[in-house]
Amino acid sequence: RRRFTVTFEFNSGSFDGPLRAVPQVGWFDADDSFGTLWRVSPTLCGCALPVKFPYYILDVPDDYSHMIVGSNVGSSSYLWIMTRAPRVEPARLEAMIDTACTFGFLRDAIRKREHDRPVPALE
């Protein structure tokens, strides 16, 4: 297993809400048959909490233009389609949803959420 760090950022309460950041530490295993498995723990005061949330990285193209992430927690399934651009052509989004459906996610259960925050450039 390999270790990584990531910072989860979000606007609290609304698009205009204050920006919040949650530093996290994680581990990944690329040998899983379903996709690359990430196990992520939020950190508090620099220490990882004793919980590891599972996320499967289902699709990332070579140009890193988007990422499809899925997670099953208990009886619930979660799906995130994240793009580098704030707006995506409808046909491209439908193709990404098609990809998610090949992993068992139900098209009718997918809810779209838009954002308008500028995306930072890749380093």
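The values are calculated or read from the model by the stated rules, or taken from the named source; none is laboratory data. Bear in mind the structure is a predicted one, so any value in this text is a computation, not a measurement. Counting neighbours? That spans all protein chains shown, and the Cβs are built from the backbone with ideal geometry, glycine included. All accessible areas refer to the heavy atoms of the entire protein, side chains included, with ligands and DNA or RNA removed. Shrake-Rupley method; radii C 1.70, N 1.55, O 1.52, S 1.80 Å.
When we screen Ser71, Ser33, Ser65, Ser77 for residues that are at pLDDT 90 or above and either of a type in the set (Gly, Ala, Ser) or within 16 Å of Thr7 (Cα to Cα) (or both), the only hit is Ser65.
Restricting attention to segment 11-53, the residues that are in a strand (DSSP E or B) and either of a type in the set (Gly, Ala, Ser) or open to solvent by less than 70 Å² (accessible area, probe 1.4 Å) (or both) total 18.
Flag: Arg107 does not match the condition of being open to solvent by 90 Å² or more (accessible area, probe 1.4 Å), out of contact with any Pro (no Cβ under 8 Å at 6 or more places or on another chain) and modelled with pLDDT under 90.
Applying the criterion of being in contact with a Gly (Cβ under 9 Å, 6 or more places away or on another chain) and open to solvent by less than 50 Å² (accessible area, probe 1.4 Å) to the residues of segment 70-95, the residue that is farthest from Val40 (Cα to Cα) is Leu79.
Taking the stated definitions as given, is Leu49 touching a residue at least 40 places away in the same chain (Cβ under 8 Å) and in contact with a strand residue (DSSP E or B) (Cβ under 6 Å, 6 or more places away or on another chain)? No, not satisfied. Within this structure, Asp98 fails the test of being open to solvent by 80 Å² or more (accessible area, probe 1.4 Å), more than 30 Å from Asp16 (Cβ to Cβ) and at pLDDT 90 or above.
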